[in-house]
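The values are calculated or read from the model by the stated rules, or taken from the named source; none is laboratory data. Predicted model, so just to flag it, every value in this text is computed and none were measured. Cβ coordinates were reconstructed from backbone atoms using ideal geometry, including for glycine residues, and neighbour counts include every protein chain displayed. To get the accessible areas, we keep the full protein, side chains included, count just its heavy atoms, and leave off ligands, DNA and RNA. Shrake-Rupley method; radii C 1.70, N 1.55, O 1.52, S 1.80 Å.
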Amino acid sequence: YHIVLMALNEKGRKQLNLAISEANMTGFYHKARLDRELISKLDKENFIVTTACVAGVGNDEDIVCFLHEKFQENLFLEIQSHNHPTQIEYNKKILDLCELYDINLIHGCDTHYITEQDKFNRNIFLKGKKISYGDEDSFENDYPSYEEILKRYELQGVIDENLVRIAIENTIIIEDETEEFVFEDNIKMPTLFPN
């Protein structure tokens, strides 16, 4: 399943780097995979976690319970506004989890392009690589306005407007809670000859 782990500070960034490094060594299967043991090593105060898209951990109630116990108020159930049967069913499942476990919702755009030209270029690239995402190929992976997002949720008919507005407002928590990161851009090369 997909998951979104956002480091809120330098300590979180370092913890995430270590977890991903370990996943590349012990959890690699086509891609690095984080398991519960690695996620358990992350300090909850250093992260915001979301259940991601329709391919996300929201599909497994047991994992959601594990994450909720681990990250508590720093876990958000992610909804998206694609007007597609797969997304609609996923949002219903997420809404049920929200009500059952009292976990906050967060809106995700799943943006893959900004302009129509970007959309065209992306489609050409995917066709050239023979990449298909099945149902998700018909999702609108653009960057919609606030009003367009509300219209899309209204078309879905799953989540009421007030809850959608709260989910959108919850996206701001990332900006409010995140410390400024200073990334070093100097090249780090190991040496074979320390002396």
Checked the stretch 1-127 with the C-alpha gyration tensor, a ≥ b ≥ c its square-rooted eigenvalues, rounded below a/c of 1.5, otherwise prolate if a/b is larger than b/c and oblate if not; verdict oblate
In whole Hz, the Karplus estimates of ³J(HN,Hα) for the stretch 28-41 (6.51, -1.76, 1.60; θ = phi - 60°; x where Gly or Pro) are 7, 8, 6, 9, 5, 10, 8, 9, 4, 4, 5, 5, 4, 7
Reported to the nearest 10 Å², residue 107 has, with a 1.4 Å probe, an accessible area equal to 20 Å²
The chain, Gaussian network, Cα under 10 Å: of 115, 178, 50, the residue fluctuating most is 115
Spelling it out for residue 105: with amide H atoms placed in the peptide plane at 1.01 Å from N, the residues 5 or more places away or on another chain with amide H under 5 Å from its amide H are 77
Rounded to the nearest 10 degrees, the helix 161-170 long axis (Cα) sits at an angle to the longest Cα principal axis of the chain of 10 degrees
Of every hundred units of 1.4 Å-probe accessible area on the chain, the number belonging to carbon and sulfur atoms, as a percent, is 53 percent
Using alpha-carbon positions, the gyration tensor of the stretch 95-195 gives root eigenvalues a ≥ b ≥ c; with a/c under 1.5 called rounded, otherwise prolate if a/b exceeds b/c, else oblate, the class is oblate
Rounded to the nearest 10, the angle in degrees between the Cα long axis of helix 61-71 and the longest principal axis of the Cα atoms of the chain comes to 60 degrees
For the stretch 68-178, dividing by residue count, accessible area per residue (probe 1.4 Å) in Å² works out to 61 Å²
Given pairs 14/188; 14/119; 92/119; 93/151 and cut-off 25 Å on Cα-Cα distance, the over-length ones are 14/119; 92/119
Among 108, 159, 187, the residue whose Cα sits farthest towards the positive end of the charge dipole of the chain, when +1 is placed on the Cβ of each Lys and Arg and -1 on the Cβ of each Asp and Glu, is 187
Looks like the stretch 1-72, by Cα gyration tensor root eigenvalues a ≥ b ≥ c and the a/c under 1.5 rounded cutoff (else prolate when a/b is bigger than b/c, oblate otherwise), is oblate
